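Only the coordinates and a few stated rules stand behind these numbers; no lab work does. Owing to the predicted nature of the structure, the values given are computational and were not obtained by experimental measurement. Cβ placement follows ideal geometry from the backbone for every residue including glycine, while neighbour counts extend to all protein chains displayed.
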Amino acid sequence: MQEITVESTQNENVDEVIDEMMKRYGQEILQLVYSYVNNKAVAEDLTQEIFIKCYKAYPTFNKKSKLRTWIWRIAINHCKDYLKSWYNKNVIVAEEKSIETSSNRETIEQTLIQKDEDHRLVSAVMNLPIKYREVIYLYYYEELLIKEIALLIEIKESTVKTRLKRAKELLKDSLEE
């Protein structure tokens, strides 16, 4: 994804710049916000508020940093402010509740089965010895490369591979019981 350049923003009006920012960075800002609030509806609302802030603050953008960095900083600060707010601490945002229909029952059953399987997997991972648990977590949950894991926990790459293999075997045995 190409960065919106300072030169391209100098000749355009604010509306065009904000429109371009929303097209290029909207989805990643939404994902960032969701990682803070863990609620789709709230994340969508906060993302809209963030772009409104960007619209209002754009004339003060000093162009010393990249536009993407500037937007991310606004988004992170806005999320932190929201998490500290009275509203977040005292108002419970209801998730959309759907009326159960026959076609919806299958989805609910699949969701419950998936949640049970996820719970069993997490439980099995947490019961692994720490040396296996850490490589599983870093590889699958943090999506680090084997080389990065080796540097992080200060072991050889071959040891990381061996621990991953052994951890998978232990998990397989544990989940088959």
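From the cross-link list K131/K156; K40/K80; K23/K64, which pairs have alpha carbons spaced over 19 Å apart? Flagged as over cut-off: K23/K64. When each of the peptides 74-84, 43-53, 121-131 is scored by how many other beta carbons lie within 10 Å of its residues on average, the order from highest to lowest is 43-53, 74-84, 121-131. Peptides 144-153, 29-38, 110-119 ranked from most to least packed, by the mean per-residue count of other Cβ atoms within 10 Å: 29-38, 144-153, 110-119. Across region 108-177, C-alpha contacts under 8 Å between residues 6 or more apart give a mean separation that, scaled by the residue count, equals a relative contact order of 36 percent. Among residues other than I71 with Cβ under 10 Å from its Cβ, the summed charge is +4 (Lys and Arg +1, Asp and Glu -1).
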